[in-house]
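See structure below.
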Amino acid sequence: MKILLNNNSLFRALRPYNDVGFVPTMGSIHEGHLSLIERSNRSCKKTIVSIFVNPKQFNNKKDFKNYPTNIKEDIKILKKTKKVDFLYIPKFKDVYNNNKKSNIKITKKNKILCAKFRKGHFEGVLDVMERLTNLVNPKKIFMGKKDYQQYFLIKNYLKNKYKTSIIPCRTIRNKSKIALSSRNNHLDLNGIKKASFLSKSLIKLKKKLKNSKKIKQNLNTQIKNFEKLLKIKIEYLELISIKNLKISNTVRGSRLFVAYYIDNVRLIDNF
Ligand code: AMP
């Protein structure tokens, strides 16, 4: 695994290859990231992983400052997989040097779920993904369905501008059904128990919703119940069509999307 710390070494390393799979991350590598790397390794000649905590996608400065980082451990884990050819760890100036200001705007119809609550977040995500796509020029980008809205927006944004395909990959969970996330590192044991309870309950709830005629009403009641029982804050819990991300009233072709806070740690998932 070759570590690339600036754009010159990135360009030099990738020049000979035209079948590169790319796994962009913000580090604190876990099994979720590793599953994307495996997919890339299986379908592309070379795999490049990036670690870059993008300040422009954090709508809250404290959240950016507190984002878990552990680059030494990350390098160790990635090396051990033997499935990563290149690890790109750019500095801010490597990504944002061509100082073209971004004029990306999330349209009103897309201001739902996280886009409604995290002002500027997806504008920052689309901007950095476009910059990274230009720098790496991958054949395929592998993204997790845990962050389905992110995948959906990136795919739609990049599909008309680049040849790169965006490949969605399944969500990796632990035994307690919690979706792996770097942010889980901020939870204590009690927090983990709450996240597990909520995840298991939402898996069951989705099954029950198949017979529900009043889905919206049912979800609102569930939000209140979970908040009271677990002493957590649920930002949204919605049944959403995965085709167009619109609110849905049938379980078929839809997923339950949730964002919630446990002890000030914001987590998202979909079931
Ligand atoms: P992050 O480092 O959190 O920005 O995530 C980098 C990539 O890993 C994104 O495409 C995420 O959707 C994906 N990812 C994060 N957690 C998981 C998970 N539990 N299962 C599968 N993919 C994941």
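Quick notes on this structure:
- Restricting Ser199, Ser176 to those that are modelled with pLDDT of 95 or more, within 16 Å of the ligand (Cβ to nearest atom) and not in a helix (DSSP H, G or I) reduces the list to Ser176.
- Filtered residues of the range 213-241 (kept if closer than 28 Å to Lys193 by Cα and in a loop (DSSP other than H, G, I, E, B)): Lys231, Ile232
- The set of residues in the range 203-224 that are open to solvent by 100 Å² or more (accessible area, probe 1.4 Å) and either among the hydrophobic types (A, V, I, L, M, F, W, C) or within 21 Å of Ile178 (Cβ to Cβ) (or both) comprises Lys204, Lys207, Lys208.
- Failed item in (1) away from the ligand (no atom under 14 Å from the Cβ); (2) under 20 Å from Tyr148 (Cα atoms); (3) in contact (Cβ under 8 Å) with a residue 60 or more places away in the chain; (4) open to solvent by less than 30 Å² (accessible area, probe 1.4 Å), with Ile104 passing the rest: (3)
- Being buried (at least 20 other Cβ atoms within 10 Å of the Cβ), farther than 30 Å from Lys228 by Cβ and of a type in the set (A, V, I, L, M) is a description that does not apply to Leu198.
- Subset of the range 151-173 that is more than 9 Å from the ligand (Cβ to nearest atom) and part of a loop (DSSP other than H, G, I, E, B) - its residue that is surrounded by the fewest Cβ atoms within 10 Å (Cβ to Cβ): Asn160
- Subset tally (residues that are touching a strand residue (DSSP E or B) at 6+ places or on another chain (Cβ under 6 Å) and in contact (Cβ under 8 Å) with a residue 40 or more places away in the chain) for the range 144-163: 4
So that you can scan it fast, the table gives a plain yes or no per residue for (1) of a type in the set (Phe, Trp, Tyr); (2) touching a residue at least 40 places away in the same chain (Cβ under 8 Å); (3) open to solvent by 20 Å² or more (accessible area, probe 1.4 Å); (4) more than 13 Å from the ligand (Cβ to nearest atom):
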site: Lys2; (1), (2), (3), (4): no, yes, yes, yes
site: Asn18; (1), (2), (3), (4): no, yes, yes, yes
site: Phe22; (1), (2), (3), (4): yes, yes, no, no
site: Leu36; (1), (2), (3), (4): no, yes, no, no
site: Ser40; (1), (2), (3), (4): no, yes, no, no
site: Asn59; (1), (2), (3), (4): no, yes, yes, yes
site: Ile75; (1), (2), (3), (4): no, yes, yes, yes
site: Asp85; (1), (2), (3), (4): no, yes, yes, yes
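The values are calculated or read from the model by the stated rules, or taken from the named source; none is laboratory data. This one's a predicted model, so the numbers in the text were calculated from it and none came from an experiment. Positions of Cβ are backbone-derived with ideal geometry, glycine not excepted, and every protein chain shown enters the neighbour counts. The area values use the complete protein model at the heavy-atom level, side chains included, leaving out ligands, DNA and RNA. Shrake-Rupley method; radii C 1.70, N 1.55, O 1.52, S 1.80 Å.
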